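Heads up, the thing below is written out as structure tokens.
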Amino acid sequence: MILSVAGRRIDGSDAKDSHFPLHNVDLVRQRMRSLLHASAATTMVSSAACGADLIALSEARELTLRRRIILPFARDRFRITSVADRPGNWGPLYDEILDEAEASGDLIVLEEASDEQGYRVVNRAILDAASAFMKELRQPASAVLVWEGDSRGDADMTEDFGIEAKRRGLPVLEVLTV
């Protein structure tokens, strides 16, 4: 099974609404591990933001799955804007996982803007890569949303990922963050 993953980042320290509280990291880690075992996953494709992405990639690493990582722009800039800007000291894990992906040729860095459109492009690139692996490995693929299950509106990139996956005919699984 090829899994394409997208989801919530850890809530900021000033968050008004809770979508993925830091104290739920272990719970989400257990849920992701269960999904990986139940799905018999062999390959994962995702980005590498703090929270859902890094948890999924970390659990996939424990199971020695192939991990393709797609970033919208340079890894140092992504680290500042999508990893180290939230509670939880995600930087060292990010660096380790990206170093491994780069060494194996599974790190793809797009040259997109750091706006909504750039993240939308990454969503499509993740799904494109999962489809390519599906054909290459002759395995089914699914999309995984790691979120609380509620839309944040038009700019919700996790919801966008799920909508695009369904449009492409991929089954969508959920790992809840609350």
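Rounded, prolate or oblate, given the Cα gyration tensor of the stretch 108-178, with a/c below 1.5 counting as rounded?
oblate
Could you work out the local net charge near GLY149, counting Lys and Arg as +1, Asp and Glu as -1, over the other residues with Cβ closer than 12 Å to its Cβ?
Within the 12 Å Cβ shell, the charges total -3.
Over the chain, with a Gaussian network built from C-alpha contacts below 10 Å, which listed residue (VAL146, VAL25, VAL122) shows the highest mean-square fluctuation?
Judging by the Gaussian network model, the answer is VAL25.
With a/c under 1.5 counting as rounded, go ahead and sort the chain into rounded, prolate or oblate using the C-alpha gyration tensor (a ≥ b ≥ c being the square roots of the eigenvalues; past the cut-off, prolate if a/b is larger than b/c, else oblate).
rounded
Taking 25 Å as R0, compute the FRET efficiency from the Cβ-Cβ separation of THR81 and ALA40 and round it to 0.05.
0.15
Sort 48-59, 63-74 by the packing proxy (mean of other Cβ within 10 Å over each peptide's residues), most packed first.
The most tightly packed comes first, giving 48-59, 63-74.
Return the long-range amide H neighbours of VAL83 (sequence gap of 5 or more, or a different chain), with a cut-off of under 5 Å between placed amide H atoms.
CYS50
At 222 nm, what helix-only mean residue ellipticity would the chain give, in deg cm²/dmol to the nearest 500, using -39500 (n - 2.57) for each DSSP H run of four or more?
-14500 deg cm²/dmol
Taking H as built 1.01 Å from N, whose amide H comes closer than 5 Å to the amide H of ALA141, not counting residues under 5 places away?
So ALA141 has HN proximity to ILE2.
Every number here is computed from the coordinates shown, using simple stated rules; none is lab data. None of these values were measured; they are calculated from a predicted model. All Cβ positions, glycine included, derive from the backbone under ideal geometry; neighbour counts span all protein chains shown.
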